[in-house]
1. Report yes if some residue within the range 221-242 is under 24 Å from residue 731 (Cα atoms) and in a loop (DSSP other than H, G, I, E, B); otherwise report no.
2. Kindly establish whether residue 219 is crowded, with 18+ Cβ neighbours inside 10 Å and in contact with a Gly (Cβ under 6 Å, 6 or more places away or on another chain).
3. Quick check on the range 649-674: of everything there that is part of a strand (DSSP E or B) and hydroxyl-bearing (Ser, Thr, Tyr), which residue is modelled with the highest pLDDT?
4. Kindly list the number of the only condition in (1) at pLDDT below 95; (2) of a type outside the set (A, V, I, L, M, F, W, C); (3) touching a strand residue (DSSP E or B) at 6+ places or on another chain (Cβ under 7 Å); (4) surrounded by 15 or more Cβ atoms within 10 Å (Cβ to Cβ) that fails for residue 641.
5. Could you go through the range 587-604 and let me know if any residue there is of a type in the set (D, E, K, R) and over 38 Å from the mean Cα position of the chain (by Cα).
6. Specify which of the listed residues (613, 630) is of a type outside the set (A, V, I, L, M) and at pLDDT 95 or above.
7. Under the condition of being in contact (Cβ under 8 Å) with a residue 40 or more places away in the chain and not small (Gly, Ala, Ser), which residue from the range 19-38 is surrounded by the fewest Cβ atoms within 10 Å (Cβ to Cβ)?
8. Quick one: count up the residues across the range 675-701 that are outside any strand (DSSP E or B) and surrounded by 14 or more Cβ atoms within 10 Å (Cβ to Cβ).
Amino acid sequence: MAFNPPSAEQVETIMMLTGLDRAVVITALNSKNNDVEAVTNEYFDSPDKFTQKYAWDESVFSSNREGDTNSAPNNTAPPSFVIHPADDNQILYGSEPNSFYAAGAPSRPPSRATTRSPLSRVIDLTAAEYTTNAPSNRQEEEAQLQRAINESLSASGVQSPQGLPAPPPLPQQSGITGGDAVLFGPANRPDYDPNEWAMVRLQNRDPDPEAALRARAPTAPVFLRCRITDWGFHRLGAVLVILHAIPAARNALLQVGSTPEYGYGSNQEWWKGEPILPPAQQAAKEAAQGNYYAVNSYPPWTDELHRLIAFLDSTDRTYGTADILADAKYTEKSLPGDSEQDFFRSYQDAYDAVQEPGSTSSALIMTAEVMPILDNAPVSTSRFVLLDADCPKETLTKTSNLYSIWDLLFYMQIGTPNEDLEAARMALITEASDVITFRFGGSGSVREPFLPKPIEVPETFYIDRYMAVHKQQVLEIQMKMSEVSAALQQNAEKEAALTRHVQSNNKIWDRRVMIKAAIRRCQARITQVKNAAFWRDHTEAHDNGGEDYYLPEHSGEPKLWPQEAKVVAHYETKIQQLEESLAYIDRVMNVVILPERQALQEAYANLCSLLTGPSDDPKWNATHKYTLRGVVSDQNTVFVRRREPVLMEMDETSSPTDQWWKISCLPDENNVVLSGITTYDVVMREACGTGCKPILIFATDKALDEDPVPLSDALKTFVKFDNRHFKQELSQAEQQQSSPKRLKTSVSLDSLATNHMENGVPRVGVETTERLARVSLDSSSPKSPEMQERPRAPLIARPGAAHPISLVHDEGNGAEYGPMDSTRNESGMI
């Protein structure tokens, strides 16, 4: 095939369009068979790549043998390094000696022996044979040991005694040797007392604040903190605080088990986590002599549960702990590390053990059935107290509120094809409990983030969408939701077919984005051609003495050569085609797909709202109402909704008001327990936000209106003794801190912070008072008309006050304490 060089017109055209050198343009045209358009497109696709491909590169002739063009000046060799420094007074070629010893730390500690380290002989390996002078027999070993002792004594200035001669080697023995000789080896059982070698458990616990800072204010709630910091930490104490504030749940916990014959015992360290065992169990433990695995070291589960309920009722302390209850179990059927699930299973087993035929159901146990969609016969029945939402995080990203999460648990998989409806199943509640405990994340670690986004939790929750009595309505909802979900899927497929472009490597692109990018590229190439023509006109006018000048933003049209006009026309036609394609996509999306999707989404939202509240239509009227009573965010924080007593009855229709409280333990601040009034918005933001793993507890009005059962005499005695132990702590702390100077100091609660400063104790209480004042007096906190009309009460509850106020600070940092509230009834409830 004959070679045809490019014409001068072709070369000039490309040079005008690109501004490249003539040699580069000729090389590119030769490689493209003199195709001007192909060369132009290749240049505008990537100018740098085009120049690198066709331009002459002189750098390869100036590079070194490795191909590196940026070689070091004067061809300097890379620096050498000495990994192990040389010993003192040793000269090595290429290594500068140290100017003084203190310039850096030695590579190894100095030795008193005159023998140099084997590392220092590395440079002599080629000159002489290297030996380690290791002893070859017992006599040499004894001689070297004696030599080392003498050199050590002489170096330390101690007079060395006369060295004894080396002992002769041991003679060879044969036969049976005597067994009376003392041999070195592991200790045997006859050689030591087991009590001296038994395993001792370390009490690695954080210190508690002083007794005066742990006194409970009259109306403040009590907290059960978790003292465990390793893998066994739990949120059981926070759950019990919420359940105790619900009368029906409190009564249900007290009614399992029976009063033990020994009473409930007493231990002044029980509130810290030391168990109280029955006398027989305590005697067996002492007889085991430290063998912790020989006997059960935990008290009966129901006994410890009753102690905690009584403690929450009438204690004078700010906080206790539920660590003993978390370790104790009613039965051995439990999952390791899931203290919350173990607790509720133990309660269910304890309730079943005392249940009598014909007795009413528990306020905590719920019953549900699993049944096919197209059949009324239940497949299985389960009873549970704790409902787990162990859903994948990817699924939770598609949910918006609590009802959508319950739909995932109880309803069939929405979007099931019609041919799979026979295998689809749903769960319905056949017997609802008065108290519902709902947990996110299952039995996973609390420290692991769970919620991918905030979840909307309503204060009033209806479970009619999941009741068996509404089975027909629930089935109708699910079938329609399945149809709407299938229609939404088809709508998404229409949009994908219209807007998606899949490349050969399975990479997906949006057609609209690609079209807009192509239009911009075509416009840029047209601009480049016209700018080159403008510049050519300017050059010709300047050479001919004309006055025309070049401006990049010239509004007129340049004089195009035929080849340039052909290129511009080609790109203008391409732009018109792309704009028509983009207009068609937008028209179909705005007229067909988006309106259809909006209508389907509204229909789906309407289906999700059925049976979630009161309705004028009796078919869709929800009646099973629950209110949110508490949220547990972690083991150190609990939000509880308490019913405050009516201090002033304006009329006969006055009812108790609910108030949200935040109780938290601060490990970074000396384990201080703080409690203060908060709002529902704060609860949702801090406990149900992104990354949280909350526990939600709901209760019916019936559970809240139930009368609390009084404590037994044995439990009253237990709490009385525990309060007496605490009073002894207060008196002992006061005696230890008392002095002649302190006796003259005011002992009122107002001056307690000043007294602390005089004795070197930080003013923690004042800081806590200011903090709680900021929390409670926030303008965002709701106030009833009665509270707005009432004059402002003091911030601190004082002993002897006529009416204790709702804002108290009772914990760690606070120093205010006083007598028990007169409004507390016999059972300890407010």
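The values are calculated or read from the model by the stated rules, or taken from the named source; none is laboratory data. From a predicted model like this one, the values you see are computed outputs, not experimental measurements. Using ideal geometry, Cβ is built from the backbone for each residue, glycine included, and neighbour counts are taken over all protein chains shown.
1. Yes; the residues of the range 221-242 include at least one that is under 24 Å from residue 731 (Cα atoms) and in a loop (DSSP other than H, G, I, E, B).
2. Working: crowded, with 18+ Cβ neighbours inside 10 Å: yes; in contact with a Gly (Cβ under 6 Å, 6 or more places away or on another chain): no.
For residue 219, the condition - crowded, with 18+ Cβ neighbours inside 10 Å and in contact with a Gly (Cβ under 6 Å, 6 or more places away or on another chain) - is not met.
3. Start the filter on the range 649-674 by keeping residues that are part of a strand (DSSP E or B), which leaves 657-666, 672-674.
Applying the additional criterion that residues be hydroxyl-bearing (Ser, Thr, Tyr) yields 657, 664.
On the way: 657: 84, 664: 92.
Checking each candidate, the answer is 664.
4. (1)
5. Of all residues in the range 587-604, those of a type in the set (D, E, K, R) come to 587, 596-597, 602.
Adding the requirement that they be over 38 Å from the mean Cα position of the chain (by Cα) leaves 587, 596.
Yes, the range 587-604 contains at least one residue that is of a type in the set (D, E, K, R) and over 38 Å from the mean Cα position of the chain (by Cα).
6. On the way: 613 fails: at pLDDT 95 or above.
Testing whether each residue is of a type outside the set (A, V, I, L, M) and at pLDDT 95 or above leaves just 630.
7. Among residues in the range 19-38 that are in contact (Cβ under 8 Å) with a residue 40 or more places away in the chain and not small (Gly, Ala, Ser), the one surrounded by the fewest Cβ atoms within 10 Å (Cβ to Cβ) is 37.
8. Going through the range 675-701, the residues outside any strand (DSSP E or B) turn out to be 679-694, 700-701.
Retained after the next criterion (residues that are surrounded by 14 or more Cβ atoms within 10 Å (Cβ to Cβ)): 679-680, 682-684, 686-689, 692-694, 700.
So the count comes out to 13.
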